[in-house]
Amino acid sequence: MTTMEIKNAVRQFITQNVLLGVHQTTIEDSTPLVIGGLIDSIGMIGLVAFLESHFHVEFAPREINVHNMNTLDQIEELIRKKLAERKSYAAGSKPQAG
Amino acid sequence: MNVRIASAAYAVPSDGEAVAAVLDRERDRVEATLAPLSPTAKQKATEGLGLSRVRVCGAKQPYDLVLEAASTAMAEAGIRGQDINLILDYSTFPGENSQYFSFAHKLSTDLRAETSLNLGLKSGGCGALHLAIKTALGWMSTDENIRTALLVTGDTAPQGSRSLLPITVQGDAASAVILTRDGTEGPLLLGVEAMTLGHLHDAIALVKTNGHLEIKVDAACIENEVMPVYYLNLFWLVKKVLAASCLSLNEIDHFIYSNISQRDREGFRRMVGLPKGGLPATPMAEYGHTFASDLVINYVHLRREGQIRPGQLLLFASAGIGFTWGVTLARA
């Protein structure tokens, strides 16, 4: 899965499901989604559920914070890390902590 | 293990103060706390509180209220002092002039529970009830002699720190919950889940200023760090506790949530997917946010109103200082 594919899937979900009634025509890769007030705490529940089901990953509560979920860039990086972890598990090796 | 909430009770001081008067008196502190926020966030901070008055300790201090609540709960459950094997005090703000050690020791003497194991935990704020229940369950599961536990909290806002804007305004109260193992009366505990995020410990901190305790709220941290994951973490715990009992959200009959603000209760309502007005009314307008006693107050009110029927599912949820999130599931 390419960087662009991940970002576009997340961008589309956010635009269609989560935005807080804000008329934001485009979400740039660096648009602050949480700090900027585009996604609230309830919206985060939907977003995380989407990420888990769409990318077949699973988050632990401590893994989600405003520093890794505030922009599309950060979300993409987080997803990429989770996908790598999954691949690592599938290959039978334990991922490094952190 | 079969552990039930045999009884619960609360006590509030008779003196009260209008929330508007509190915010006026603490205006400088409120303005300083809200200064880092945007104009919109500042405006939101004082809107939708849903709190009119708070009760304020005067002649009766938190310990007196704890004793009153504990005595009421014991009478309701038909339990004598010597029946209590564990007393756990989970007060967050027991009062500047209270004894430094846990209320549990003095309480064991005053209730004639001389053989009880007396413990205290100071963690969790509004989320502490779940920590207390889980701790008691741990003791019960590892010590055959601990069959009846009394959990108490008694809290009063430090002088001049009644406002916790942008979150809430605090009222004083105490509450008591009695858990019994292998009993037949009261809701059966099905599960308790809790989590903490230590990196958010400064969101609400207790500091000493000019020799007095003061609650410092980091409004920017609350807004930018806590709130984005606030309901998410609560939702995670709800899912976890339900999954462990093979239950789903739509099977819950009563959601018992804290009285932080109407705005917060609205967020919780959306989180669990209830329709508008789906959460039961609580005495929050009259009592304010009473720390971890909120859940007990709301539970007692539901029971008094006869709304809890045998077999119904109760889900208690709250979050607080630490930062701490907790959920308890029980079947009436």
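The values are calculated or read from the model by the stated rules, or taken from the named source; none is laboratory data. The shown structure was predicted, so the numbers you read here are calculated from the model rather than taken from an experiment. Cβ placement follows ideal geometry from the backbone for every residue including glycine, while neighbour counts extend to all protein chains displayed. Note: accessible area is taken over every heavy atom of the protein model, side chains too, but ligands, DNA and RNA are not part of it. Shrake-Rupley method; radii C 1.70, N 1.55, O 1.52, S 1.80 Å.
Tabulated results
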| quantity | calculated |
| --- | --- |
| Some residue of the stretch B:120-127 being over 25 Å from B:Gly320 (Cα atoms), open to solvent by 40 Å² or more (accessible area, probe 1.4 Å), in contact with a helix residue (DSSP H, G or I) (Cβ under 9 Å, 6 or more places away or on another chain) and at pLDDT below 95 | no |
| Near pairs, Cβ below 8 angstrom, 6+ apart or cross-chain, from the stretch A:58-69 (within 19 Å of A:Ile42 (Cβ to Cβ) and modelled with pLDDT under 90) to any residue that is buried (at least 16 other Cβ atoms within 10 Å of the Cβ) and polar (S, T, N, Q) | A:Pro61/B:Asn233; A:Val66/B:Asn224 |
| Single condition B:Glu193 does not satisfy, out of (1) crowded, with 19+ Cβ neighbours inside 10 Å; (2) within 19 Å of B:Ser261 (Cβ to Cβ) | (2) |
| Lone qualifier among B:Ala136, B:Ala113, B:Ala77 - being within 18 Å of B:Ile5 (Cα to Cα), open to solvent by less than 30 Å² (accessible area, probe 1.4 Å) and modelled with pLDDT of 95 or more | B:Ala136 |
| Options A:Glu76, A:Glu52, A:Glu85: the member that is at pLDDT below 90 and either touching a strand residue (DSSP E or B) at 6+ places or on another chain (Cβ under 7 Å) or open to solvent by less than 60 Å² (accessible area, probe 1.4 Å) (or both) | A:Glu85 |
| Residue check for B:Leu51: within 14 Å of chain A (Cβ to nearest Cβ), surrounded by 15 or more Cβ atoms within 10 Å (Cβ to Cβ) and either at pLDDT 95 or above or farther than 30 Å from B:Gly138 by Cβ (or both) | no |
| Test set (1) within 14 Å of another protein chain (Cβ to nearest Cβ); (2) open to solvent by 50 Å² or more (accessible area, probe 1.4 Å) - B:Glu286 fails condition number | (1) |
| Residue list for the stretch A:53-63, filter: in a helix (DSSP H, G or I) and either within 11 Å of chain B (Cβ to nearest Cβ) or out of contact with any helix residue (DSSP H, G or I) (no Cβ under 9 Å at 6 or more places or on another chain) (or both) | A:Ser53, A:Pro61, A:Arg62, A:Glu63 |
| Any hit, the stretch A:20-32, residues being modelled with pLDDT under 90, assigned to a loop (DSSP other than H, G, I, E, B), within 22 Å of B:Gly273 (Cβ to Cβ) and more than 9 Å from every other protein chain (Cβ to nearest Cβ) | yes |
| Condition met for B:Ser161 (open to solvent by less than 10 Å² (accessible area, probe 1.4 Å) and at pLDDT below 95) | yes |
| Residues of the stretch A:64-77 that turn out to be touching a Leu at 6+ places or on another chain (Cβ under 8 Å) and more than 10 Å from every other protein chain (Cβ to nearest Cβ), as a count | 4 |
| Those residues of the stretch B:7-18 which are open to solvent by 20 Å² or more (accessible area, probe 1.4 Å) and either out of contact with any Gly (no Cβ under 6 Å at 6 or more places or on another chain) or in contact (Cβ under 8 Å) with a residue 60 or more places away in the chain (or both), in sequence order | B:Tyr10, B:Val12, B:Ser14, B:Gly16, B:Glu17, B:Ala18 |
| The stretch B:207-262, subset among the hydroxyl-bearing types (Ser, Thr, Tyr) and open to solvent by 30 Å² or more (accessible area, probe 1.4 Å), residue nearest to the other protein chains (Cβ to nearest Cβ) | B:Ser248 |
